[in-house]
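Q: Before anything else, here's the structure in question.
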Amino acid sequence: KGEHRLVIYAKDKAGNESKQNIVKFTIEPIKGPLNPDNFTVSFISDSHDDGYAYELYNIINNDNSELVIQNGDLIDTDSENEWKDAQNEVSIIKNKSIMFNAGNHEAMSGNLNNYIKYFGSPTYSFEFGNSLFISLNSAIGQSITASDPTQFDYLQRVLNKTNKMNIFIYTHVPTKDYFNTGHQMVSADAAKFESILSDYKKKNPSKNINVVFGHLHAFKSWSIGGVVYTVDGNGGNKRYVSPSNGGFLSYTKFNVSGNSVSKKIVPIVQSISILDSLKDKSGQIILPVGTN
């Protein structure tokens, strides 16, 4: 916590030295949960600056979570107007911390310059209560390596250092797409990612390791080597997967209770009612499938 001063310069073997570049920055720690051993985290992704964003963030603002993770694709085309809208959307979240991850739509211009401008580095880690959270960047080329090749080393170093029993790792692109829509991490990266985590889980069998993705616009969960993988739902108007397979408007809440972690998918539409204003009061309404 506090102000920091970073001095950067280079010197070659001949003794030539560059000018110093000085960067000043301030660290403000994330506010922790009221109870470090019992709290809820909401994961939301893929709102794409469309008509559902305000409703989604309003619902999350009023749920029981103490931390919100926006897991990529907050915007759609990387335009300045969308970034302004995005600031208004996430400002709905009050009295709880919100952290961000970069999605492929944040990189629609071929880089993450705007994302970094507003949210900083897409690769980072922090502790929240009794848990460790790690954000990895897969925004470019559906690849961790293409986005930043140092990240696998970073992941291993952070994992080896922590003594936390609950570990959450989040990145936008899933390692698997069970619906064959093309929303899947490049195979070499997916294999390496899963191998690192499976090996770590094998060495630390009592730890809970949850990996959370976006990108697929659906809810899906599976387990490999004791590591639980979850696609956190659909926050926008784009649909790649049918509602019956999880492609409905939703987000995911993870509840941490001591050394136990559970999750719940939260559908945005929780009830539907039909008001019959017709004169025929027979009590029966027949509507073809797909009728608005």
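Q: Compute the acute angle (0 to 90°) between the alpha-carbon long axis of helix 80-90 and the principal axis of greatest extent of the alpha-carbon atoms of the chain; round to the nearest 10°.
A: Roughly 70 degrees between the two axes.
Q: Angle, helix 187-203 long axis vs. longest principal axis of the chain, Cα atoms, 0 to 90°, nearest 10?
A: Its long axis makes an angle of about 80 degrees.
Q: Using every Cα-Cα pair within the stretch 180-246, state what percent have a distance larger than 18 Å.
A: 43
Q: Separate question: Past 31 Å, Cα to Cα: identify those pairs from Lys201/Lys253; Lys1/Lys220; Lys84/Lys207, in the order given.
A: With Cα atoms farther than 31 Å apart: Lys1/Lys220; Lys84/Lys207.
Q: Using just the helices of the chain, give the 222 nm mean residue ellipticity in deg cm²/dmol: DSSP H runs with n ≥ 4 each add -39,500 (n - 2.57), and the total is spread over all residues, rounded to 500.
A: -6000 deg cm²/dmol
Q: What does the accessible area per residue of the chain come to in Å², with a 1.4 Å probe and no ligands, DNA or RNA counted?
A: Accessible area per residue: 52 Å².
Q: In a solvent-free Debye calculation with one equal scatterer on each Cα, what is log10 I(q)/I(0) for the stretch 125-174 at q = 0.14, 0.17, 0.26, 0.29 Å⁻¹, listed in the order of the q values?
A: -0.36, -0.51, -0.96, -1.08
Q: Excluding Asp189 itself, calculate the net charge of residues whose Cβ lies under 14 Å from the Cβ of Asp189, where each Lys or Arg counts +1 and each Asp or Glu counts -1.
A: Charge balance near Asp189 sits at -2.
Q: Just to be sure I follow: if Rg is taken over the C-alpha atoms of the stretch 1-144 and Rh is the Kirkwood radius over the same atoms, what is Rg/Rh?
A: 1.05
Q: Which value, in nm² and rounded to one decimal, describes the direction-averaged projected area of the C-alpha convex hull of the stretch 66-122?
A: 3.5
Q: Quick one: work out Rg over Rh on the C-alpha atoms of the stretch 159-215, Rh as Kirkwood radius.
A: My calculation puts Rg/Rh at 1.01.
Q: What FRET efficiency comes out for the pair Trp222/Asn21, r = Cβ-Cβ distance, R0 = 41 Å, nearest 0.05?
A: Rounded to the nearest 0.05, the efficiency is 0.35.
Q: Continuing with this model, one more query. Just to be sure I understand: if I project the alpha-carbon convex hull of the stretch 91-222 onto a plane and average over all orientations, what area do I get in nm²?
A: Averaging across all directions leaves 8.9 nm² for the Cα convex hull.
Q: So who's got an amide H within less than 5 Å of the one on Phe128, skipping anything under 5 residues away but keeping other chains? H placed 1.01 Å off N, in plane.
A: Close amide H contacts, sequence-distant or interchain: Phe133.
Q: Pick from Asn61, Asn137, Asn114 the residue whose mean-square fluctuation is largest in a GNM of the chain, springs joining Cα atoms under 10 Å.
A: Asn114
Q: Counting only residues 5 or more places away or on other chains, whose amide H sits under 5 Å from the amide H of Ile224 once H atoms are built in the peptide plane?
A: Those qualifying (amide H under 5 Å, at least 5 residues apart or on another chain) are Tyr229.
Q: For the chain, what does the convex hull of the Cα positions come to per residue, in cubic angstrom?
A: Expressed per residue, the convex hull around the Cα atoms of the chain is 181 Å³.
Q: Related question: With θ set to phi - 60° and the Karplus curve 6.51 cos²θ - 1.76 cosθ + 1.60, what are the ³J(HN,Hα) couplings of the stretch 250-258 in order, to the nearest whole Hz, using x for Gly and Pro?
A: Values per residue, Gly and Pro as x: 6, 9, 10, 10, 10, 9, 9, 9, x Hz.
Q: Within the stretch 93-114, name every residue whose backbone N is under 18 Å away from a label modeled 7 Å from Cα of Lys84 along the Cβ vector.
A: 114
Q: Related question: Net charge near Ile92, counting Lys/Arg +1 and Asp/Glu -1 over other residues with Cβ under 14 Å of its Cβ?
A: So the surrounding residues net to -3.
Q: To continue, here is another question. Whenever you get a sec, compute what percent of the accessible area on the chain sits on carbon and sulfur atoms (1.4 Å probe).
A: 50
The values are calculated or read from the model by the stated rules, or taken from the named source; none is laboratory data. Being a predicted model, the structure only gives us computed values, none of them experimental. Glycine gets a Cβ as well: all are built from the backbone with ideal geometry, and neighbour counts include every protein chain shown. The accessibility values were calculated without ligands, DNA or RNA, using every heavy atom of the protein model including side chains. Shrake-Rupley method; radii C 1.70, N 1.55, O 1.52, S 1.80 Å.
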